[in-house]
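Take a look at the structure below.
The values are calculated or read from the model by the stated rules, or taken from the named source; none is laboratory data. Being a predicted model, the structure only gives us computed values, none of them experimental. Glycine also receives a Cβ, built like all others from the backbone with ideal geometry; neighbour counts cover every protein chain displayed.
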Number of protein chains: 2
Amino acid sequence: MTASIHRLNADRPPSLDPMMALTAHDLNHVNAVILDRMQSDIPLIPELAGHLIAGGGKRMRPMLTLASARLLDYPGARHHRLAAAVEFIHTATLLHDDVVDGSDLRRGRRTANIIWGNPASVLVGDFLFSRSFELMVEDGSLKVLKILSNASAVIAEGEVNQLTAQRQVETTEERYLQIIGAKTAALFAAACRIAAVVAERGEGDEQALDAYGRNLGIAFQLVDDAIDYASDAQTMGKGVGDDFRDGKVTLPVILAHARGDADDRRFWRDAMQGHRVSDDDLAHATALLRSTGALDDTMACARLYGQRAIDALTRFPAGEARSAMVEAVAFAVSRAY
Amino acid sequence: MTASIHRLNADRPPSLDPMMALTAHDLNHVNAVILDRMQSDIPLIPELAGHLIAGGGKRMRPMLTLASARLLDYPGARHHRLAAAVEFIHTATLLHDDVVDGSDLRRGRRTANIIWGNPASVLVGDFLFSRSFELMVEDGSLKVLKILSNASAVIAEGEVNQLTAQRQVETTEERYLQIIGAKTAALFAAACRIAAVVAERGEGDEQALDAYGRNLGIAFQLVDDAIDYASDAQTMGKGVGDDFRDGKVTLPVILAHARGDADDRRFWRDAMQGHRVSDDDLAHATALLRSTGALDDTMACARLYGQRAIDALTRFPAGEARSAMVEAVAFAVSRAY
């Protein structure tokens, strides 16, 4: 664990609470925009969208827009609408992801595709995606539109890249980091960066906030990947071992496979092909992930990216916002696995 | 058939050729943009997108942008990029439609979802949709962005509305027109309207071109609905009776059901539920559609909207562009059924 994350954690475990407190008031405004703009004359749209939007998400991405705006002392209200646009892009992505993965649970609840079917999830995702662009157009900044349309294209590219790598246990660490950099980190980066645009800051601040979000996003995803093999199911809404049973080739698997002997590699190959789905198989997988140091090293990798996120904030003045943003990173990389 | 469509057809059958000739040069530029911007480092993206984009579509929507720009004597090149954006939105919609409908054929070829699977079709659709917004952002007109982001949201709403009405033979004619007004005509309208924006014309010209596209779109869809019951399969790429076997409640079915006796209504209800899929059933359906006048009246309705499209052009000067646009309508409503 790196020095500055250590220092921060000296008195109490790191928490997302400071960032939530920092953004709580603004987040009410964002939630009002979200509720207002997910409406439609077609009742299925708010019904389905509301299931996911009201379904216990942390609003991590809009919160990052709001915290970044606070960091820059932005006095206006444009970021409320834009944070809602970011959340709509995220929600659209989740709806399509669950169709692509055939998922049945998210955040501990049945997924929209299970309740309403794949067609409705695809189409309501499209609606929310279009609505997010309508919100950006209302804001009127071509720079914000450019950042978020580019992020959307990168996310979709990352998702296709992941699909192509599906079940391929020989995926390299480099390619995996490329995939999560696109499918997860691009929206984190954009969510932070647009705050610098509305606050009318220069390219330097834009890039710093982009780097903060991007590195946090990668750290966040790597910890999620490790947690999927945690023994404690309460840490996440989804069940432990979901990635394993779905044959998702994440960094822990890539490392354990690369470091394993011929038997281990055969096991991982079979597992990623979907032929090892029992509890015993999962226990064996977890044992391999621990004995090879794959989980520890995934977390170490997450902390490295986390530290980069923290370092990107050094150009901004110390204060409540910066502390909350640093602690959010520390929280992300300290979650149990 | 209304008077002005009649006049036009006096010497030869109406054709799309004049519009194709009018826009051929510009369309080469649009195709270059399309080819260039569907590229990606992820090979599956251009492969899948190219299958549909190169697959024999008429480029009807970009052609409408180009023809409208010619009608307004627009001398610039901005419309090339924007016409490509329109085609990307259309292609994304088709990819998602085929997933939603579980289609296996389009324009006489196997659909992308059959070749590459639903997940790839969903994600490449998302990519093209994002790319279309990137193209619009590069153009830099917030007005165009507003028109096309709004059209996209309306299309998605229309698709969800259609999904909700699926297999419901009691769908009203009014609701059906609302559905196709959203899912088909909104993009036709936007494709035409944006030409007035790049040509920097006033609201009057924008509205007129919007009305032309919207009414043409509705006419176009209604004729497609009738042709699905035509005896001549060569008219369209898809097979005759596809809508019938898929239980798609289109205007011909709505009219035949409403005008039928108890037996007929039971037949239509069963058919739309998917219980009447034999060739004999299709022959019976077609006989009912003809005996009740449902096909004739669907075509009459299409001609009504077609006439409105033509009337919307009266404010523009006569000439090659206007004639081509009028003849495109005449062609659309004169296709065999």
- Restricting attention to the stretch B:71-83, report how many residues are surrounded by 22 or more Cβ atoms within 10 Å (Cβ to Cβ) and within 20 Å of residue B:211 (Cβ to Cβ). 4
- Item | residue A:155 being under 15 Å from residue B:160 (Cβ atoms), in a helix (DSSP H, G or I), of a type in the set (A, V, I, L, M, F, W, C) and more than 7 Å from every other protein chain (Cβ to nearest Cβ) | no
- Name every residue in the stretch A:312-337 that is free of Cβ contacts under 8 Å to residues at least 60 places away in the same chain and not small (Gly, Ala, Ser), in order of residue number. A:314, A:317
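Residue-wise test of (1) surrounded by 19 or more Cβ atoms within 10 Å (Cβ to Cβ); (2) closer than 22 Å to residue A:56 by Cβ; (3) hydrophobic (A, V, I, L, M, F, W, C).
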site	(1), (2), (3)
A:120	yes, yes, yes
A:145	yes, no, yes
A:149	yes, no, no
A:160	yes, no, yes
A:164	no, no, no
A:174	no, no, no
- Only listed residue being crowded, with 16+ Cβ neighbours inside 10 Å, charged (D, E, K, R) and in contact with a Phe, Trp or Tyr (Cβ under 9 Å, 6 or more places away or on another chain), chosen from A:290, A:308, A:269, A:303: A:308
- Item | Those residues of the stretch A:95-109 which are within 14 Å of another protein chain (Cβ to nearest Cβ) and crowded, with 21+ Cβ neighbours inside 10 Å, in sequence order | A:95, A:96, A:97, A:98, A:99, A:100
- Assess whether residue A:288 counts as being among the aliphatic types (A, V, I, L, M), farther than 29 Å from residue A:201 by Cα and part of a helix (DSSP H, G or I). yes
- Item | Hits in the stretch A:305-337 - residues which are aliphatic (A, V, I, L, M) and closer than 25 Å to residue A:241 by Cα | A:329, A:330, A:332, A:333, A:336
- Is it the case that some residue within the stretch A:30-49 is free of Cβ contacts under 8 Å to residues at least 24 places away in the same chain, of a type in the set (A, V, I, L, M) and within 13 Å of chain B (Cβ to nearest Cβ)? yes
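Residues checked against (1) assigned to a loop (DSSP other than H, G, I, E, B); (2) farther than 30 Å from residue B:146 by Cβ; (3) more than 12 Å from chain B (Cβ to nearest Cβ):
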{"position": "A:160", "(1), (2), (3)": "no, no, no"}
{"position": "A:181", "(1), (2), (3)": "no, yes, yes"}
{"position": "A:192", "(1), (2), (3)": "no, no, yes"}
{"position": "A:200", "(1), (2), (3)": "yes, no, yes"}
{"position": "A:220", "(1), (2), (3)": "no, yes, yes"}
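Taking residue A:145 as the residue in question, decide whether it is closer than 22 Å to residue B:149 by Cα and at pLDDT 95 or above.
Yes, satisfied.
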